[in-house]
Each structure stands twice: as structure tokens, then as C-alpha cells.
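The values are calculated or read from the model by the stated rules, or taken from the named source; none is laboratory data. None of these values were measured; they are calculated from a predicted model. Cβ sites come from the backbone with ideal geometry, for glycine too, and all protein chains shown count toward neighbours. Accessible surface areas use protein heavy atoms only, side chains included; no ligands, DNA or RNA. Shrake-Rupley method; radii C 1.70, N 1.55, O 1.52, S 1.80 Å.
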Amino acid sequence: MGYEITTPIFYVNAAPHLGHAYSTIVADVLARHHRQRGDDVFFLTGTDEHGEPVANVAADRGITPQQLVDENAPKFEAMGGPLEASNDFFIRTSDERHKAAVQEFLTLVKDNGYVYEGDYEGWYCPKCADFKTESEIAEGNTCPIHGIPLIREKERNWFFRLSAFQEQLEQLYAERPDWVVPAVRRNEALAFIRNGLQDVSLSRNAISWGVTVPWDPEHVFYVWWDALLNYRTALRFGRPGHDLTDSHWPPVHVIGKDILKFHTIYWPALLMAAGVEVPEKVLVGGFLLVDGAKMSKSKGNVLDPFEAVETFGADAVRFYLLREVSFGSDGSVSLDGLRSRYETELANDFGNLASRSLAMVRRYRDGQTPDVAVDPAIGAEFEGLPGEVARLLDGGQISQALDAVWQRVRRLNRYVEEQAPWTLAKAEKAESASRADLDRVLRTLVEGVRATAVLLHPWLPASTEKLLAAIGCPDLDWSGAALGAGPAPAVGELEPLFPKDVGDA
RNA sequence: GGGCCGGUAGCUCAAUUGGUCAGAGCAGCGGACUCAUAAUCCGUCAGAUCCAGGUUCGAGUCCUGGCCGGCCUACCA
């Protein structure tokens, strides 16, 4: 089954930061999970390269917009590596193939009768060469940047008939109450729709950096339409030699709450206008805060994702961001918080569980996992777990899915204490017990470690692979996520998965 | 102004359609154990679930009115 998962495409004007990394990680978790389930995954990310800000910066620097984006886009493309992002393609909206597909799509929308010519009227600053929104206008109708009076201006423009989709959008929200997750964001979008939709402009003629409107070459498309369409155009050429448009549509989008309106109102309306199915789901993340405030460099405690990756590794940063803040909510993150979870959860809970389990198999059974059945008591507590995790992930409950697995990690540590394998080993030597008890415990532990590693793989790709290799069970397929599905392997040596002597400097 | 969401142990948060739901993790304190990355496990502590009314046999969970906080309220991307 085809599965398209996307991040927002990042605007090339800024440098990659934590917010970009966060979206990428969330989407990557879903991509990896669906690969485990055997889906034909197309994980897409990329850069949004058109629009006025890019043109302005390029002009200031005396280079062409294309030169500017060619310089910046690689910084975003390079972000994926350190994060272990497994995207299948990286789209750039200045790609000719994208532009051609955008023109084709929007021409269809026009042919369907949803585009008309009109006048955009608003407050214009001649120095900015830009229209100002209501919230941008300073006191006395002046420009907040230049302080000069704004002029009421009209611009000849192409419009998209958004108002025509009022009813269809309301119906969409009624029929599919969880197509936007979480519900707060859904309600927000719905309230906006119910307030009444006005038509929005489709093109600009004051600037030239964008996708040319084919039926009116003096205009370029307003950058948002061009940007949104990346999710669809990339299916055509993102996998060389294959057109995935039919097999992988509709997509699942991961976005931040700042771009909610575009993805949950404009975008589905545009698709409806072209007679194309709307997205499967839109998963809306919150903001990551540092010390309760939006990220800023003024505090010393900023979390630079790339520095953090260098110190703690990509797995730890991925895990931390999704563990610390419940996906969909705003949340505070910090380097101290990362260090704390790295030690208490990754090193002490999970890493140590793996170490002690393998060590005992090596010590008591010469490294050969006994080929016996797992303890039914633990089996019962893992029952249905893969299904639960899959269901939670499909519902956008990324943090809850992770927590469900983590509870089992804790359970296995408790199991060790309950069973006290070292006591069983002594009893065995004193011949006051058969080997069966210790056999069962060791097999249960190895199998528990294996199954949780398979389940955790989307969050911790590198360390789970290392662990699974150490126990000779590299298979990541979702069918192996069930406790008891694995073999009774010979286990090898395992270095600490999350060594503690990092980041102490 | 209108709308949405939240206000639960020191901290971060859970509690299906109202009925052992007053919980978990972290932090603190005490203890046990030794397989393990001085890791793990157990016990313990606390909370009139923002306030005031109301509905009900029974309400964090529903209604009304307040208080506090966050967000949205259209074309920067």
C-alpha cells in the first residue's frame, strides 16, 4: 500500500533550527513505522523557494534569487543526515518539473471555473512594495517598518474562489472529525470556516520570483499555492521512473500550528477545486519552547538540535523531543531535560535492560538463548501491543504510542527483579531447581528486548539496529513486533547503547 | 468584542460514553538486591481535581456564573 508522509517544506530564508528538525523527526517516525508495516512509503520533505522575501534578500545581496536558493537549500537538505531522516526525496520548488506541474494543476482549477480576475485592494507601503495585513498596520495607518502613511492601493489579481467551498469544507469536518489532529486545531479551523470564507488571491504581479501564471505571464502564483502543491507534484518525479500520483495519494501531512489555515482550509479547497481527494490526515504539532518562552538565543539554555546530536546522538534527540512534549501541544525543552531523559530513560531503563539481559544469557547459558516458550504472564502484558502502537500512530498520537512501549520496557526491568535470575542460577547449581525456570526467564527477557526494539525502531533507529544485530535478529518487520514472534538466538556482545560518559563536559 | 482550549500531587502530565479515578513519571525520603551503563526494584510523602452555585443515587468528568493562562479571529512565509 502506498503511503505518503510529508513535512512542511521549509522556507529557505532562515537557517535550519529546532522547529524544522522537530517536524522532520515526527514525519520520519511515521515513515519508518509504515515501512515496518510493509507499506510502500514515500517520505517527502524539501524547501519552499519562491516569494518576495527571497527576492528581496537576493536583491540586497546583488545576486539572483536562484543563486540565493541554490546556496541555502543544501543547508536544509543536509539537515536530514544528522537526524537520521529517511526521506525518499527532497523537493525544491524551483525545480522545473514542480513548476510545470503547478501550472498544469492550477490551469485545471481555472478550467473548472474556480479562478477569476479581480482587484485586490489593501493598504500598501510604497517603500516595502508590499500590502500590509490588518495586524501589521501601525497606528494611524502607517507602515510599522518605515513609519510612513500607507496608501490604499488596488492590484489587478487572479483570485481563487475559496468561498465556493464553504459547505464542502464544513461537510469534510463533519464527516471526518479526526482528519485534523489534535482536536484543538480542528476546532480552530472549523471556527474559521464557519465565520465565512472569502476568496483569496491566487497571483501576484508586483514580483517575478515565482511560478509564472501560464494564462497571464505578467503574474506569478502566490507562493503558498505553489508551495502546497509540492505534496502532489513530487509524486510525479520524486521516485525516478515512477509516477506515484495514483498509488500514494492521499498524503498524511505533518505541520506546525503556525501554518494550520493553509493546510486545513486553503489546501483541501484547492484540491476539491481540481476534483482531487483531500489529504488523509493533517497532524499539527505545537511549538517547542525554551524556558517557557519561544526559542531565542538570549538564554544560554537554547537547544541547538545539531549540537545536541553531536553530543548525545540522533536517537537521543529524536526520542527526547517526542517523549518530552506530547505531540500536538506546546512544550518546553532544554539541554538539561535532554540529559536527564538520556540518563534515566535511555541509559538506565532501556540500555541497561538490554545490557543486563544479554549479560545474563552469556553468563548463565554461554550466550545461547534457551529455546523455550516465553513467560505467559509477560506474554499477556504484551498482548495486543503492536496493534495498539499502530493505532495510536495512525491517529497522530505519537507520544502516547511511545509511552505504551515504554511501559513495557519498565515492566521488563520489574520482571528481572521479580524473577531474580541470579537466585535461580544458584538454585540450579545446588540442584534444588531444574533449568526450566531460568530458561524461561532468560528467553522472556531476550524476546522482550527484541520485541521492544522492533517497536521502538522508528524513534531510535540506530541503537535498536545495533541491539538487534547483537542478538542476531535484525528483522524489523512489524510481524516481529509481537512478543514470542522471534527466534531463540545466540547473543553476542553489546556495548552500552547509551553510554553515560557523554555530555558531562 | 467573538470563538477554541486548558487550569489535577513540588515539577510534567493521565484519567473510555458521569460510577473504586483521585493516578503515572520525575524530584524528595526510607529500604531491598547484585544480572547490569553505582544500573534496577519496593515502600513512602503529599493533592478541599481554580472559585461559587446547580443537575444526579453518584461529577476532574455535565449545566450556569466568575477568576487565571494560552491560542485563533484571512492573503509575511
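Results for (1) within 11 Å of RNA strand B (Cβ to nearest atom); (2) open to solvent by less than 60 Å² (accessible area, probe 1.4 Å); (3) in contact (Cβ under 8 Å) with a residue 24 or more places away in the chain; (4) in the same structural domain as A:ASN413 (by TED's automatic domain parsing), shown as yes or no for each residue.
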| site | (1), (2), (3), (4) |
| --- | --- |
| A:LEU321 | no, yes, yes, no |
| A:GLY337 | yes, yes, no, yes |
| A:THR344 | yes, no, no, yes |
| A:PHE350 | yes, yes, yes, yes |
| A:ARG362 | yes, no, yes, yes |
| A:ASP366 | no, no, no, yes |
| A:ASP375 | no, yes, yes, yes |
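Listed by first and then second residue, the pairs with beta-carbon distance under 7 Å, at least 6 apart or on different chains, first residue in segment A:198-217 and of a type in the set (A, V, I, L, M), second open to solvent by 40 Å² or more (accessible area, probe 1.4 Å) and at pLDDT 90 or above, are A:LEU202/A:TYR222; A:VAL211/A:GLN103. In segment A:266-284, the qualifying residues are those that are out of contact with any helix residue (DSSP H, G or I) (no Cβ under 6 Å at 6 or more places or on another chain) and in contact (Cβ under 8 Å) with a residue 60 or more places away in the chain, and the one that is surrounded by the fewest Cβ atoms within 10 Å (Cβ to Cβ) is A:GLY275. Is it true that A:LEU460 is more than 8 Å from RNA strand B (Cβ to nearest atom), within 14 Å of A:GLU381 (Cβ to Cβ) and modelled with pLDDT of 95 or more? Judged against the criteria, A:LEU460 is not a match. Applying the criterion of being of a type in the set (D, E, K, R) and more than 10 Å from RNA strand B (Cβ to nearest atom) to the residues of segment A:402-428, the residue that is farthest from A:ALA451 (Cα to Cα) is A:GLU428. A:ARG97 fulfils the conditions (1) more than 30 Å from A:MET272 (Cα to Cα); (2) loosely packed, with under 15 Cβ neighbours inside 10 Å; (3) modelled with pLDDT of 95 or more; (4) not β-branched (Val, Ile, Thr) except for a single criterion, (1). Of all residues in segment A:216-239, those being modelled with pLDDT under 95 and assigned to a loop (DSSP other than H, G, I, E, B) number 6. Every test in (1) closer than 29 Å to A:PRO250 by Cα; (2) in a loop (DSSP other than H, G, I, E, B); (3) at pLDDT below 95 is passed by A:HIS20 save one, and that test is (2).
Checking each residue of segment A:173-184 against the condition of being in contact with a Pro (Cβ under 6 Å, 6 or more places away or on another chain) and open to solvent by less than 50 Å² (accessible area, probe 1.4 Å) gives no match.
Is segment A:46-65 home to any residue that is of a type outside the set (Asp, Glu), under 30 Å from A:VAL317 (Cα atoms) and in the same structural domain as A:ARG232 (by TED's automatic domain parsing)? For segment A:46-65, residues of a type outside the set (Asp, Glu), under 30 Å from A:VAL317 (Cα atoms) and in the same structural domain as A:ARG232 (by TED's automatic domain parsing): present.
The condition of being modelled with pLDDT under 90 and either over 30 Å from A:ARG35 (Cβ atoms) or buried (at least 18 other Cβ atoms within 10 Å of the Cβ) (or both) holds for only one of A:GLU84, A:GLU155, that being A:GLU155.
If we only count helices (runs of 4 or more DSSP H) wholly inside segment A:408-505, which ones have 2 or more residues that are over 25 Å from the mean Cα position of the chain (by Cα) and surrounded by 23 or more Cβ atoms within 10 Å (Cβ to Cβ)?
Those helices (runs of 4 or more DSSP H) span A:436-456.
Filtered by the rule that a residue be on the phi < 0 side of the Ramachandran plot and within 14 Å of RNA strand B (Cβ to nearest atom), segment A:472-505 gives A:VAL491, A:GLU493, A:LEU494, A:GLU495, A:PRO496, A:LEU497, A:PHE498, A:PRO499, A:LYS500, A:ASP501, A:VAL502, A:ASP504.
For (1) more than 19 Å from A:LEU288 (Cβ to Cβ); (2) within 11 Å of RNA strand B (Cβ to nearest atom); (3) modelled with pLDDT of 95 or more; (4) open to solvent by less than 60 Å² (accessible area, probe 1.4 Å), each residue gets a yes or a no:
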site: A:GLU324; (1), (2), (3), (4): no, yes, no, no
site: A:SER355; (1), (2), (3), (4): yes, yes, yes, yes
site: A:ALA359; (1), (2), (3), (4): yes, yes, yes, yes
site: A:LEU393; (1), (2), (3), (4): yes, no, no, yes
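The rows are residues; the columns are (1) within 23 Å of A:MET272 (Cβ to Cβ); (2) β-branched (Val, Ile, Thr); (3) within 9 Å of RNA strand B (Cβ to nearest atom); (4) part of a helix (DSSP H, G or I).
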{"residue": "A:LYS154", "(1), (2), (3), (4)": "no, no, no, no"}
{"residue": "A:TRP158", "(1), (2), (3), (4)": "yes, no, no, no"}
{"residue": "A:PHE165", "(1), (2), (3), (4)": "yes, no, no, yes"}
{"residue": "A:TYR173", "(1), (2), (3), (4)": "yes, no, no, yes"}
{"residue": "A:ASN187", "(1), (2), (3), (4)": "yes, no, yes, yes"}
{"residue": "A:ILE193", "(1), (2), (3), (4)": "yes, yes, yes, yes"}
{"residue": "A:GLN198", "(1), (2), (3), (4)": "yes, no, yes, no"}
{"residue": "A:ALA206", "(1), (2), (3), (4)": "no, no, no, no"}
{"residue": "A:TRP209", "(1), (2), (3), (4)": "no, no, no, no"}
